[in-house]
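Engineer: There's a structure below that I have some questions on.
The values are calculated or read from the model by the stated rules, or taken from the named source; none is laboratory data. Keep in mind the model is a prediction, meaning the values are calculated, not measured. Backbone-built Cβ (ideal geometry, glycine too); neighbour counts: all protein chains shown. Quick note on the areas: whole protein, heavy atoms, side chains included, nothing else; ligands and nucleic acids left out. Shrake-Rupley method; radii C 1.70, N 1.55, O 1.52, S 1.80 Å.
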Amino acid sequence: MLIIDKYAYTNKLKDKNPLAKFYFAIFFLILAIVSKKFYIHIAILSVMFFITITIAKIPLKKYIKMILIPSSFLVLSILAILISVSKGNGEYIISMELYNVNIGITNGSIENGRILFTRSLSAITCTFFLILTTPMNDIIYILKKHRVPKLLIEMMVLIYRFIFILLEEYKNIYTAQQLRFGYINIKNSFKSLSALISVLFTRIMLKYEHMEMALDSKGFDNEFYV
């Protein structure tokens with residue numbers, strides 16, 4: 001999250017028209033979702049990869065690491081789709097029979113898995129292009145331009161803010177526990193983890209109360225002006 005936010009404010013496209021970037025990403029995202037053509041998915045993936053790395057100047061190694069996170073979940077989903085179960089013989093490439101039920105991989109499941117994988121991966125690159133090249137302030141501006149309800153925008157701003165508060169508090173508590181050898185063995189690790197969760201929740205609630213008091217003292221009128 002911190003890395004994504006860092007590059008959103010430091011990339012070479014951060015000062016470009018946010019609406020243009022938004023429409024560009026959404027157009028290719030919709031195209032990736034509705035299309036079943038393999039070559040279209042590969043083309044979208046290649047275009048987004050090229051723009052993000054070459055023009056926006058996002059470091060290649062960092063970009064690949066970020067892409068690998070959702071891709072790992074995607075691979076697990078594809079494995080579930082590849083396996084077909086039926087009582088008939090079917091056209092299995094690889095199969096095994098278990099209690100009169102055939103379990104295996106068919107040409108159809110491979111085709112469905114391939115389409116889903118390339119479609120999802122191209123959609124992921126579209127999303128990453130938008131969030132890595134568009135600062136949060138510009139995203140809120142885009143939402144306001146499209147008349148997204150104020151309540152949703154306010155929730156988004158608060159969640160965005162509290163993500164960083166959560167990470168900061170987690171880091172402080174975890175570092176303090178490590179200095180006291182809180183994770184030296186499995187038993188201590190479980191105790192430290194439970195204490196971390198409890199203290200983290202308490203601190204976050206206190207931070208929320210402090211923020212609420214600060215907003216009230218500044219005459220907050222239930223709208224964030226960005």
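Engineer: Condition check: out of contact with any Pro (no Cβ under 9 Å at 6 or more places or on another chain), assigned to a helix (DSSP H, G or I) and over 25 Å from Ala56 (Cα atoms). Does Arg119 satisfy that?
Structural biologist: Considered against the rule, which asks whether it is out of contact with any Pro (no Cβ under 9 Å at 6 or more places or on another chain), assigned to a helix (DSSP H, G or I) and over 25 Å from Ala56 (Cα atoms), Arg119 comes out as no.
Engineer: Right, here's the next one. Let me confirm something: among Phe73, Phe50, which residue is of a type in the set (Phe, Trp, Tyr), open to solvent by 90 Å² or more (accessible area, probe 1.4 Å), assigned to a helix (DSSP H, G or I) and modelled with pLDDT under 90?
Structural biologist: Phe73
Engineer: Using the structure shown, decide if Met136 is open to solvent by less than 70 Å² (accessible area, probe 1.4 Å), under 18 Å from the mean Cα position of the chain (by Cα), of a type in the set (A, V, I, L, M, F, W, C) and more than 25 Å from Lys65 (Cβ to Cβ).
Structural biologist: It is false that Met136 is open to solvent by less than 70 Å² (accessible area, probe 1.4 Å), under 18 Å from the mean Cα position of the chain (by Cα), of a type in the set (A, V, I, L, M, F, W, C) and more than 25 Å from Lys65 (Cβ to Cβ).
Engineer: Here's a follow-up. Pull up the stretch 180-197, narrow it to residues that are at pLDDT 85 or above and hydroxyl-bearing (Ser, Thr, Tyr), then point me to the one that is nearest to Ile159 (Cα to Cα).
Structural biologist: Here the residue is Ser194.
Engineer: Within the stretch 142-154, which residues are under 21 Å from Phe28 (Cα atoms), open to solvent by 60 Å² or more (accessible area, probe 1.4 Å) and assigned to a helix (DSSP H, G or I)?
Structural biologist: Lys145 - this is the single residue of the stretch 142-154 that is under 21 Å from Phe28 (Cα atoms), open to solvent by 60 Å² or more (accessible area, probe 1.4 Å) and assigned to a helix (DSSP H, G or I).
Engineer: Can you tell me which residues in the stretch 155-178 are surrounded by 13 or more Cβ atoms within 10 Å (Cβ to Cβ), at pLDDT 80 or above, out of contact with any helix residue (DSSP H, G or I) (no Cβ under 6 Å at 6 or more places or on another chain) and among the charged types (D, E, K, R)?
Structural biologist: Once the filter is applied, which keeps residues that are surrounded by 13 or more Cβ atoms within 10 Å (Cβ to Cβ), at pLDDT 80 or above, out of contact with any helix residue (DSSP H, G or I) (no Cβ under 6 Å at 6 or more places or on another chain) and among the charged types (D, E, K, R), the stretch 155-178 yields only Glu168.
Engineer: Return yes when Ile33 is modelled with pLDDT of 85 or more, of a type outside the set (S, T, N, Q) and surrounded by fewer than 16 Cβ atoms within 10 Å (Cβ to Cβ) and no when it is not.
Structural biologist: Here the answer is yes, as Ile33 does meet what is asked.
Engineer: Go through the stretch 203-218 and give me each residue that's among the hydroxyl-bearing types (Ser, Thr, Tyr) and surrounded by 11 or more Cβ atoms within 10 Å (Cβ to Cβ).
Structural biologist: The one that is among the hydroxyl-bearing types (Ser, Thr, Tyr) and surrounded by 11 or more Cβ atoms within 10 Å (Cβ to Cβ): Tyr208.
Engineer: Does Ile3 qualify as being over 19 Å from Ala123 (Cα atoms), under 19 Å from the mean Cα position of the chain (by Cα), at pLDDT below 85 and surrounded by 13 or more Cβ atoms within 10 Å (Cβ to Cβ)?
Structural biologist: When the stated conditions are applied, Ile3 passes them.
Engineer: Out of the stretch 8-19, which residues are in contact (Cβ under 8 Å) with a residue 12 or more places away in the chain and either surrounded by fewer than 19 Cβ atoms within 10 Å (Cβ to Cβ) or closer than 22 Å to Lys62 by Cα (or both)?
Structural biologist: Within the stretch 8-19, Ala8, Tyr9, Asn11, Lys12, Leu13, Lys14, Lys16, Leu19 meet the criteria.
Engineer: Let me ask something else. Out of curiosity, is Phe22 loosely packed, with under 12 Cβ neighbours inside 10 Å and hydrophobic (A, V, I, L, M, F, W, C)?
Structural biologist: Considered against the rule, which asks whether it is loosely packed, with under 12 Cβ neighbours inside 10 Å and hydrophobic (A, V, I, L, M, F, W, C), Phe22 comes out as no.
Engineer: While we're here: Under the condition of being of a type in the set (Asp, Glu) and either outside any loop (DSSP other than H, G, I, E, B) or within 28 Å of the chain's Cα centre (by Cα) (or both), which residue from the stretch 200-226 is modelled with the lowest pLDDT?
Structural biologist: Glu223
Engineer: What residue, among those in the stretch 61-70 that are in contact with a helix residue (DSSP H, G or I) (Cβ under 9 Å, 6 or more places away or on another chain) and more than 13 Å from Phe129 (Cα to Cα), is modelled with the lowest pLDDT?
Structural biologist: Top of the filtered list is Pro70.
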